[in-house]
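What follows is a short report on a single structure.
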Amino acid sequence: MPKVLVVGAGGREHAIVRALLRTSAERPEVHVAPGNPGIARDAETHAVPVEDVAALVGLAQELAVDLVVVGPEVPLVAGLVDALQEAAIPAFGPTAAAARLEGSKAFAKEVMLAAGVPTAGYETVTTVDAGMAAITGYPVVLKYDGLAAGKGVVIAEDEQTARATLVDMLEEGQFGDAAVVVEEFLRGEEVSLLAVCDGRRAVPLAPAQDYKRIFEGDEGPNTGGMGSYSPVVGVDAERVAAISALVHQPIVDELARRGTPFTGVLYAGLMVDAETGGVQVLEYNTRFGDPETQAVLPRLRSDLLTLMTAAAGGPDAEDGGLPEAPLEWDPRWAVTLVLASRGYPASASKGDVIKGLGGVPSSAEVTHAGTGLDDQGRPITAGGRVLNVTALGESPAAARQAAYAAAQGIGFDGRQLRRDIALRAVERFGG
Ligand code: AMP
Ligand code: GLY
């Protein structure tokens, strides 16, 4: 029985664990560090934080795992995969050099340009004056050049906001130094298209959309994501292949050429022009998306462990890397709702008792993100995004209805739930 260690503690990692257990013919033994109380019901959890690279390598050695799957970006950028490779432990995820695609916005833009990937015009600046001089009109997009947990992008509507943002990012405030990417503002609709890569090839997953703003109608501040659905109306398998050839493969080729091949999940955040259907890349992440993964992986029919093992082995492995054939998907629709705690995203209310988890119908899947247990063993809130509820259905409407029906039974003080997740898909899909 193969042993796998999944690194992470959120809904994304819970969905990865479930998909490994469900799709993999070899029935792996799954361990998670550190996991959460929900994950602990499906796998063995170990209290090692995601930032502790040395302890994670030690745990992987101690457990003698066959594969480590790294969920979040922080350990990737910190070099966890490099350290695992040095210890001869196969790892699914990019090295620190390849994870710079997510860790540095300026690096990502430079690679996109070199690879010929369509993206918004930009300039990288290190002073406020240079930043103001680079702005050609409003709104303008200002991106802090480093990991900022989704809070490093500001869309400035006017000169005053732009200047204040540049001062904050470059001279003082929460970040302080480094560089800023000043980028042209793009209009359209966002689509997330992820691909599994083995250093040489990119094999796309099913497309998804996520809902980043806290309030209905895409109002209010950005969050880590309040819901998602998959697939996307109008983005069929043929289109997925064409977009992947445009936004994933050239990046994989470019990084291979530079001697820092990309292994793991390459997540392209796309802006699709409503009129022309043209695609531009907003950003790359170097990992599975959260909450896209919670909607995408329940639809996967291919063997996820085989896929990840092949990717981690690289193109020169005995089995020759990723399969040539496209992945297989459940044709049904998946809708994922995020239940967030009071105060999110500015803060997160902790310790609120969660009720109703036992009564969720088996037609829906609950994955845990920010949950804990109180001293009586009751589930409580322990973070901003608390739980995810996913349901599958023959149509977007059916999936949506099942997800909301299941979420309705789960309650905690201050619960936040967007009511309009996947409504767009319902409207477009028709009938
Ligand atoms: P990023 O972290 O680069 O994806 O940016 C976070 C969010 O900011 C994206 O998901 C978009 O909603 C928005 N965004 C980023 N870049 C642009 C752009 N060039 N034009 C319009 N919106 C953008
Ligand atoms: N859903 C956006 C992200 O994972 O970054």
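The values are calculated or read from the model by the stated rules, or taken from the named source; none is laboratory data. In this text, all values refer to a predicted model and were calculated from it rather than measured experimentally. Here the Cβ positions follow ideal geometry from the backbone for every residue, glycine too, while neighbour counts run over all protein chains shown. Side chains are part of the model used for accessible areas, which takes the heavy atoms of the whole protein and leaves out ligands, DNA and RNA. Shrake-Rupley method; radii C 1.70, N 1.55, O 1.52, S 1.80 Å.
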Practice prompt. Return a whole-number percent for the relative contact order of the stretch 364-431, with Cα pairs under 8 Å and 6 or more residues apart as the contact set.
Written response: 26 percent
Discussion item. Give me the one-decimal nm value for the distance between modelled label points at GLU394 and ARG22, 7 Å along each residue's Cα-to-Cβ direction.
Written reply: 2.0 nm
Worksheet item: If you take the charge dipole of the chain about its Cα centre, with +1 on Lys and Arg Cβ and -1 on Asp and Glu Cβ, which of ALA97, ILE421, ALA364 is farthest toward its positive end?
Response: ALA364
Worksheet item: Using the Cβ atoms and a cut-off under 13 Å, what net charge is assigned to the surroundings of VAL53, where Lys and Arg are +1 and Asp and Glu are -1?
Response: -4
Worksheet item: If amide H atoms are built 1.01 Å from N in the plane of the peptide, which residues on other chains or at least 5 residues away come under 5 Å of the amide H of LEU67?
Response: LYS3, LEU5
Item to complete: Just grab the label-to-label distance for ASN222 and SER347, each label 7 Å out from Cα along the Cβ direction, in nm (one decimal).
Response: 2.3 nm
Worksheet entry | Percentage, to the nearest whole number, of Cα pairs in the stretch 197-350 over 26 Å apart | 32 percent
Response to the item:
With a Förster distance of 41 angstrom and the Cβ-Cβ distance between ASP413 and VAL167, calculated FRET efficiency to the nearest 0.05 equals 0.60
Worksheet, complete the sentence: Candidates ILE251, ILE380, ILE16; GNM for the chain (alpha-carbon contacts under 10 Å) flags as most fluctuating ILE380
Discussion item. So if I place +1 on the C-beta of Lys and Arg and -1 on the C-beta of Asp and Glu, and nothing else carries charge, what would the dipole magnitude of the stretch 59-119 be about its Cα centre? I want it in debye, nearest 20.
Written reply: 320 debye
Worksheet item: Of the accessible area of the chain, with the probe set at 1.4 angstrom, what percent is carbon plus sulfur?
Response: 49 percent
Fill in: Descending semi-axes in whole angstrom, ellipsoid equivalent of the chain, from the Cα gyration tensor
30, 27, 23
Discussion item. Are there any trypsin sites (Lys or Arg not before Pro) in the stretch 247-356 that are in a DSSP loop and have at most 14 other Cβ atoms within 10 Å? List them by number.
Written reply: ARG258, ARG301
Worksheet item: Do you know the Lys pair count in the chain for C-alpha distances under 20 Å, with sequence separation 8 or more or different chains?
Response: 8
Item to complete: With springs only between Cα atoms under 10 Å apart, run a GNM on the chain and tell me which of ASN388, ASN36, ASN222 wobbles the most.
Response: ASN222
Discussion item. At 7 Å along Cα-to-Cβ for each site, give me the label-to-label distance between ALA130 and LYS3 in nm.
Written reply: 5.0 nm
Practice prompt. Mind telling me which of MET132, MET308, MET226 comes out most flexible in a GNM of the chain, alpha-carbon contacts under 10 Å?
Written response: MET132
Worksheet item: Per residue, what accessible area does the chain have, given a 1.4 Å probe and all protein chains present, in Å²?
Response: 41 Å²
Worksheet, complete the sentence: Expected vector for the stretch 324-331, Karplus 3J(HN,Hα) from phi with 6.51, -1.76, 1.60 and θ = phi - 60°, integer Hz, x for Gly and Pro, equals 6, 6, x, 6, 9, 10, 5, x
Discussion item. Under the rule of at least 5 residues apart or a separate chain, name every residue whose amide H is placed under 5 Å from the amide H of VAL386.
Written reply: LEU339, ALA340, SER341, GLY370
